[in-house]
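Worksheet: the structure to be examined is printed underneath.
Please treat every number below as a calculation from the coordinates, not as lab data. No experiment lies behind these values; they were computed from the predicted model shown. Counting neighbours? That spans all protein chains shown, and the Cβs are built from the backbone with ideal geometry, glycine included.
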Amino acid sequence: MGKASRIASDWVAAFNDHDEEKLRALAADNAIIEAPGEVRLEGGDATTGYATGWLRAFPDAKITVHDALESGDWVVQPFTFKGTHTETLASPSGDIPATNRTLVGRAVQLVRVDEDAIVETQLYFDQVQILEQLGLMPE
């Protein structure tokens with residue numbers, strides 16, 4: 001496991017531990033995240049806030065990484081997100097009140113590491129799958 005994979009794995013562990021301080025420590029001050037819904041956030045606090053927004057909305061959230069591919073400073077991690085939606089989730093199109101439903105969603109994140117921190121994350125997930133599982137859209 002190279003340095004980039006180690007940093008990406010440490011981030012997943014911090015997410016699963018709901019450790020906001022560790023998540024922030026792993027994000028570079030100039031970090032960028034891009035995600036579905038035209039999300040583009042810049043800065044370590046903003047990128048950490050995106051992750052912790054999911055943790056607040058899904059207090060039992062866990063990510064299970066299925067594999068990882070490292071190439072230089074980049075790591076690709078296909079994963080499954082699982083959690084129960086018990087609090088409001090902020091989304092690009094507005095807040096989503098708690099549905100008390102369990103979400104099991106597939107996703108992929110591409111993470112670029114510089115030095116000992118994540119400088120870029122490109123996150124991909126199926127928004128329709130999420131809306132259907134939360135009962136916000138017919139299946």
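Summary of computed values
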{"read-out": "P(r), alpha carbons of the chain - 5 Å bins starting at zero, rounded %", "value": "2, 11, 20, 25, 21, 12, 6, 2, 0"}
{"read-out": "Spin-label proximity, S93 to the stretch 43-72 - amide N less than 16 Å from point 7 Å beyond Cα toward beta carbon", "value": "none"}
{"read-out": "Helical mean residue ellipticity (222 nm; -39500 (n - 2.57) per DSSP H run of 4+; nearest 500) of the chain", "value": "-8500 deg cm²/dmol"}
{"read-out": "Alpha-carbon Rg/Rh ratio, for the stretch 32-105, with Rh computed the Kirkwood way", "value": "1.00"}
{"read-out": "Dipole axis of the stretch 3-133 (+1 Lys, Arg; -1 Asp, Glu on Cβ), positive-most option in N100, Q122, S71", "value": "N100"}
{"read-out": "Binned Cα-Cα distance frequencies in the stretch 67-139 - 10 Å width, integer %", "value": "17, 40, 27, 15, 1"}
{"read-out": "Lys, Arg +1 and Asp, Glu -1 on Cβ, resulting dipole of the chain about Cα centre, debye, nearest 20", "value": "380"}
